[in-house]
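Written out below as structure tokens is the structure these notes cover.
The values are calculated or read from the model by the stated rules, or taken from the named source; none is laboratory data. These numbers come from a predicted model, not from an experiment. For neighbour counting, all protein chains shown are included, and Cβ atoms are generated from backbone atoms with ideal geometry for every residue, glycine included.
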Amino acid sequence: AQSVSQHNHHVILSEAASLELGCNYSYGGTVNLFWYVQYPGQHLQLLLKYFSGDPLVKGIKGFEAEFIKSKFSFNLRKPSVQWSDTAEYFCALRDYGQNFVFGPGTRLSVLP
Amino acid sequence: DTEVTQTPKHLVMGMTNKKSLKCEQHMGHRAMYWYKQKAKKPPELMFVYSYEKLSINESVPSRFSPECPNSSLLNLHLHALQPEDSALYLCASSQESGSEQYFGPGTRLTVT
């Protein structure tokens, strides 16, 4: 069965630091990949998605992610984080059996 | 209208009660989903409706009964729940099954 893993349970950064959150998946076929964010007290919001084409995808709020097929990875990056980026980040995949699976999440705390 | 709305926001019910959660979207999406999210955990897929037909049921107990009366509405009927069913229940919709999902704010359910 397909699965999604996220390397870090909790990441703590200072403002202006660079961010990279790891995401790996296990599935042998074609996948669609997503990053969602859940700000405290708010609902899940799509940050970015990869379906096909350019493996470097740009999302909202200055986030980007790179799909590396050979590594089964889809890491999320941001060059300079802000306090307002404090949130829970979920990587997710959808396979062609229409199954949609979330990773366990990474909590990001940005210190002012 | 780019929102998914859910009612009620909070629900407290006893183990012998019958209640329903409601979800609505007016984005013309043809796929709708129910997820369960426990604290500090990722959302877990429960049901998927595609073109008003149940396409995925992730081995959810029969005390949860979904219903899709039309393409804009999704209900989750609850009966004889257990305290361990207490969680945030999230509704989502997408253009088609497999495209990016838009989430509602959730219903916080407490079973006493």
Quiz item: Here are some conditions: (1) at pLDDT 95 or above; (2) surrounded by fewer than 16 Cβ atoms within 10 Å (Cβ to Cβ); (3) not in a loop (DSSP other than H, G, I, E, B). A:Ser70 meets all but one. Which one does it not meet?
Solution: (1)
Self-check item: Scope region A:94-112; condition touching a residue at least 12 places away in the same chain (Cβ under 8 Å), assigned to a strand (DSSP E or B) and within 11 Å of chain B (Cβ to nearest Cβ); matching residues
Solution: A:Arg94, A:Asp95, A:Val101, A:Phe102, A:Thr106, A:Arg107
Quiz item: Which condition number does A:Gly28 fail, the rest of (1) part of a loop (DSSP other than H, G, I, E, B); (2) within 14 Å of another protein chain (Cβ to nearest Cβ) being met?
Solution: (2)
Practice problem: Kindly check whether there is at least one residue in region B:34-46 that is at pLDDT below 95, more than 14 Å from B:Leu88 (Cα to Cα) and in a strand (DSSP E or B). | Solution: no
Quiz item: Right, B:Ser55: away from chain A (no Cβ under 14 Å) and surrounded by fewer than 17 Cβ atoms within 10 Å (Cβ to Cβ) or not?
Solution: no
Quiz prompt | The one condition in (1) at pLDDT 95 or above; (2) farther than 18 Å from B:Glu100 by Cα that A:Lys58 fails to fulfil | solution = (2)
Quiz item: Restricting attention to region B:1-46, which residues are away from chain A (no Cβ under 12 Å), over 11 Å from the mean Cα position of the chain (by Cα) and basic (Lys, Arg)?
Solution: B:Lys18, B:Lys19, B:Arg30
Quiz prompt | Single residue of A:Leu47, A:Leu93 found to be surrounded by 15 or more Cβ atoms within 10 Å (Cβ to Cβ), at pLDDT 95 or above and not aromatic (Phe, Trp, Tyr) | solution = A:Leu47
Quiz prompt | B:Ser20 being out of contact with any Asp or Glu (no Cβ under 6 Å at 6 or more places or on another chain) and either part of a strand (DSSP E or B) or in contact (Cβ under 8 Å) with a residue 60 or more places away in the chain (or both) | solution = yes
Practice problem: Those residues that are crowded, with 18+ Cβ neighbours inside 10 Å, among the hydrophobic types (A, V, I, L, M, F, W, C), over 21 Å from A:Leu47 (Cβ atoms) and in contact (Cβ under 8 Å) with a residue 40 or more places away in the chain, I need them from region B:58-108; list them, please. | Solution: B:Leu74, B:Leu76, B:Leu78, B:Leu81, B:Ala87
Practice problem: Please tell me if A:Ala65 is within 12 Å of chain B (Cβ to nearest Cβ), small (Gly, Ala, Ser) and either in a strand (DSSP E or B) or touching an Asp or Glu at 6+ places or on another chain (Cβ under 7 Å) (or both). | Solution: no
